[in-house]
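For reference, the structure is listed below as structure tokens.
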Protein chains: 2
Amino acid sequence: MNNQIKVAIVGYGNLGRGVELSISKNPDMSLVAVFSRRDPQSVTTINTPVYSINNILEFKDKIDVLILCGGSKDDLPIQGPQFAEHFNVVDSYDNHAEIPQYFASVDKVASKNKKVGMISIGWDPGMFSINRLFGEALLPDGDTYTFWGKGLSQGHSDAIRRVEGVKAGVQYTIPSTSAIEKVRSGSRPTLTTKEKHARECFVVLKDGADAKKVENEIKTMPNYFEPYDTTVNFISQEEFDKNHNTMPHGGFVIRSGISSTGVNQVIEYSLKLDSNPEFTASVLVAYARATYRLAQKGDFGAKTAFDVAPNLLSPKTSLELITEIL
Amino acid sequence: MNNQIKVAIVGYGNLGRGVELSISKNPDMSLVAVFSRRDPQSVTTINTPVYSINNILEFKDKIDVLILCGGSKDDLPIQGPQFAEHFNVVDSYDNHAEIPQYFASVDKVASKNKKVGMISIGWDPGMFSINRLFGEALLPDGDTYTFWGKGLSQGHSDAIRRVEGVKAGVQYTIPSTSAIEKVRSGSRPTLTTKEKHARECFVVLKDGADAKKVENEIKTMPNYFEPYDTTVNFISQEEFDKNHNTMPHGGFVIRSGISSTGVNQVIEYSLKLDSNPEFTASVLVAYARATYRLAQKGDFGAKTAFDVAPNLLSPKTSLELITEIL
């Protein structure tokens with residue numbers, strides 16, 4: 001189709017691969033290229049041509065939206081402003097504390113160059129943020145609760161693997177069932193992050209390692225595990241390879257409030273994801289559509305999910321949406 | 001506050017009263033007036049002055065947004081276009097099949113008179129619609145399931161009360177737990193509305209009425225009850241008055257899809273409402289804020305929840321939203 005939205009990816013890890021998969025499910029979009037810092041010959045995509053990031057400006061007129069799939073720590077703070085000079089960009093910048101500064105740095109370049117810079121897209125920040133906003137706008141007299149999990153935590157898995165005697169290990173963050181039930185009941189409890197979550201570890205020991213010692217070292221690790229209800233399960237390498245090779249995640253945003261005295265209203269949004277990167281990628285792709293449309297309308301500058309009307313995300317026309325799903 | 005958004009209500013039933021309650025929880029808004037077709041002396045609000053609907057044009061310059069709280073069958077098809085000539089309006093028009101025509105009739109008048117006509121706001125249509133849109137935009141390879149309940153159904157309660165021997169009765173629509181579990185599992189079952197819901201009735205018999213006969217007549221009522229798993233409970237007038245005098249409702253929108261072969265992703269949005277009209281009113285008030293802002297921007301014509309960016313609903317500034325809840 002000639003009127004497809006032409007998309008390209010910068011950075012081909014789990015997220016970039018997820019974007020490639022997602023675009024194949026959106027017939028109004030086509031994936032033009034993957035750009036990588038690595039030798040293009042060494043990058044194997046599903047079926048998209050790979051180019052060196054150094055040649056990206058040659059594609060300036062061939063790409064409607066660039067999806068930045070690098071990391072929030074080192075890649076995006078540089079790439080966001082850098083590429084917003086020449087392209088409409090979308091990214092999943094997720095360092096919550098630094099978002100205002102990042103927004104400003106992208107906004108400055110994007111506004112000046114008449115581009116759209118859509119930042120912090122995904123599920124948290126992203127869909128969860130929107131639901132926190134809806135919750136407090138609809139029920140101003142209320143409390144918002146965000147729970148994460150069940151999901152693989154990269155940072156905590158790394159911490160386990162640093163313990164002596166550990167051959168392989170993963171950690172899942174589990175939302176506390178009893179905490180969720182309390183929140184759902186409308187009782188509006190005060191809960192810390194620690195009270196809302198438990199930590200479950202799956203560990204493969206090195207030959208001769210002392211299981212008791214490893215378990216104790218994990219459970220008493222300050223900040224990471226000590227304050228939490230932590231469970232350590234020892235498993236074989238075989239079981240580890242079979243059952244712990246995916247990246248599930250998810251969570252809940254619950255708004256519990258009252259519309260008048262004694263009248264409880266509870267709104268709940270939840271995600272149960274087999275693959276965290278593939279879902280984040282799916283959100284990025286829908287927001288790439290919105291990014292293209294905002295650019296077409298001349299609504300330039302940095303944007304977040306808060307700035308995007310729902311109809312900009314759908315390939316359907318307004319009339320189709322009103323008729324079919326309103 | 002002089003910069004408060006000045007709101008008025010047309011029609012003071014359960015919904016109008018809910019709007020009055022909701023505005024008291026939104027300090028950036030003030031409620032100027034309630035307009036009624038009834039004798040203003042006969043309408044008792046919480047603390048808002050009541051005027052005859054015949055005098056509404058005298059308030060043309062004193063009202064930023066008018067919230068229409070009439071019914072979708074007889075009131076709104078007339079009032080929507082009528083008042084959109086002079087005011088920015090918000091309503092909860094919920095006759096799904098007629099929405100395209102209603103949209104067109106409001107759009108014509110609102111566009112011509114540079115007003116905003118925000119239609120079909122509430123939770124279904126409204127928040128559920130937005131979640132259906134998000135679901136299919138984020139997971140195009142998937143299915144959407146809407147469940148309603150547990151909630152009081154006015155139409156089915158009326159049908160019970162028409163059965164001979166029934167003194168008082170209510171009907172609750174109950175979403176089927178097994179159907180919800182199937183959907184949550186990611187198996188994407190094919191389910192009819194009938195398979196997704198059960199019907200629970202609470203009935204007070206007239207003196208001397210035959211319980212068996214009443215139960216049979218209810219359970220075999222075509223369309224209303226016969227196709228459903230229906231339960232009839234007989235209770236005393238005292239219990240009826242005590243436990244069945246509120247209007248709870250709620251439901252679920254679940255999107256189950258795959259991002260790639262075998263990778264399930266499930267999005268769920270749910271509401272558990274002690275009061276259906278008060279929650280619908282809370283949504284109307286948040287969208288009244290958005291309506292005012294769209295009018296300020298000169299973005300006139302008919303709108304639905306699909307056209308409203310989330311940040312228009314919140315009293316917070318963009319920077320506050322980014323800093324606090326993104």
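Couple of notes before you dig in:
- Conditions (1) within 11 Å of chain A (Cβ to nearest Cβ); (2) assigned to a strand (DSSP E or B): number failed by B:Pro315: (2)
- Enumeration of residues in segment A:66-106 that are buried (at least 24 other Cβ atoms within 10 Å of the Cβ), within 16 Å of the chain's Cα centre (by Cα) and within 13 Å of another protein chain (Cβ to nearest Cβ): A:Ser92, A:Tyr93
- Residue match in segment A:128-135 (condition: among the charged types (D, E, K, R), touching a residue at least 60 places away in the same chain (Cβ under 8 Å) and surrounded by 19 or more Cβ atoms within 10 Å (Cβ to Cβ)): yes
Each row is one residue, and each column tells you yes or no for (1) free of Cβ contacts under 8 Å to residues at least 24 places away in the same chain; (2) under 17 Å from A:Val285 (Cβ atoms).
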site	(1), (2)
A:Leu68	no, yes
A:Leu76	no, no
A:Gly80	no, no
A:Val89	no, yes
A:Tyr93	no, yes
A:Gln101	yes, no
A:Ala104	no, no
A:Asp107	no, no
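- Listed conditions (1) more than 21 Å from B:Gly155 (Cα to Cα); (2) more than 14 Å from chain A (Cβ to nearest Cβ) are all met by B:Gln265, apart from (2).
- Pick from segment B:282-304, criterion within 7 Å of another protein chain (Cβ to nearest Cβ) and closer than 20 Å to A:Ser259 by Cβ, ranking: surrounded by the most Cβ atoms within 10 Å (Cβ to Cβ): B:Ser282
- Of all the residues in segment B:107-160, those that are within 12 Å of chain A (Cβ to nearest Cβ), of a type in the set (Ser, Thr, Tyr) and over 19 Å from B:Leu15 (Cα atoms) number 3.
- Residue check, B:Thr323 at the interface with chain A (Cβ under 9 Å from one of its Cβ atoms), in a helix (DSSP H, G or I) and either on the phi > 0 side of the Ramachandran plot or among the polar types (S, T, N, Q) (or both): yes
- Among the residues of segment A:156-168, the one identified as among the small types (Gly, Ala, Ser) and free of Cβ contacts under 8 Å to residues at least 40 places away in the same chain is A:Ser157.
- Scan of segment A:127-154 for residues that are among the charged types (D, E, K, R) and either touching a Phe, Trp or Tyr at 6+ places or on another chain (Cβ under 8 Å) or farther than 22 Å from B:Asp274 by Cβ (or both), ordered by number: A:Lys150
- Checked against (1) more than 14 Å from every other protein chain (Cβ to nearest Cβ); (2) in contact with a Ser or Thr (Cβ under 7 Å, 6 or more places away or on another chain), A:Asp229 passes all but condition (2).
- Verdict on B:Gly257 being more than 8 Å from every other protein chain (Cβ to nearest Cβ), closer than 29 Å to B:Tyr172 by Cβ, touching a residue at least 24 places away in the same chain (Cβ under 8 Å) and buried (at least 18 other Cβ atoms within 10 Å of the Cβ): no
- Members of segment A:311-324 found to be hydrophobic (A, V, I, L, M, F, W, C) and more than 26 Å from the chain's Cα centre (by Cα), listed by number: A:Leu319, A:Leu321, A:Ile322
- Residue that is charged (D, E, K, R), more than 13 Å from the chain's Cα centre (by Cα) and over 20 Å from A:Phe103 (Cβ atoms), where the choices are A:Glu278, A:Glu268: A:Glu268
- The residue list B:Glu278, B:Glu238 contains one member that is within 7 Å of chain A (Cβ to nearest Cβ), in a helix (DSSP H, G or I) and farther than 22 Å from B:Ala137 by Cβ, which is B:Glu278.
- Residue within segment A:26-47 that is assigned by the TED database to the domain that holds A:Ala84, in a helix (DSSP H, G or I) and touching a Phe, Trp or Tyr at 6+ places or on another chain (Cβ under 7 Å) present: yes
- Among the residues of segment A:204-226, those identified as on the phi < 0 side of the Ramachandran plot, surrounded by fewer than 16 Cβ atoms within 10 Å (Cβ to Cβ) and part of a loop (DSSP other than H, G, I, E, B) are A:Lys206, A:Asp207, A:Asp210, A:Thr220, A:Pro222, A:Glu226.
- Any hit, segment B:49-58, residues being of a type in the set (D, E, K, R), assigned by the TED database to the domain that holds B:Asp107 and in a loop (DSSP other than H, G, I, E, B): no
- Single residue of A:Ser30, A:Ser36, A:Ser52, A:Ser42 found to be closer than 23 Å to A:Gln154 by Cβ and of a type outside the set (Phe, Trp, Tyr): A:Ser36
- Check on A:Phe35, buried (at least 19 other Cβ atoms within 10 Å of the Cβ) and aromatic (Phe, Trp, Tyr): yes
- Check on A:Ile23, within 26 Å of A:Asn276 (Cα to Cα), touching a residue at least 12 places away in the same chain (Cβ under 8 Å) and buried (at least 17 other Cβ atoms within 10 Å of the Cβ): yes
The values are calculated or read from the model by the stated rules, or taken from the named source; none is laboratory data. Just so it is clear, the model here is predicted, and its values are computed rather than measured. Heads up, the Cβs are rebuilt from the backbone with ideal geometry, glycines too, and the neighbour counts pull from every protein chain shown.
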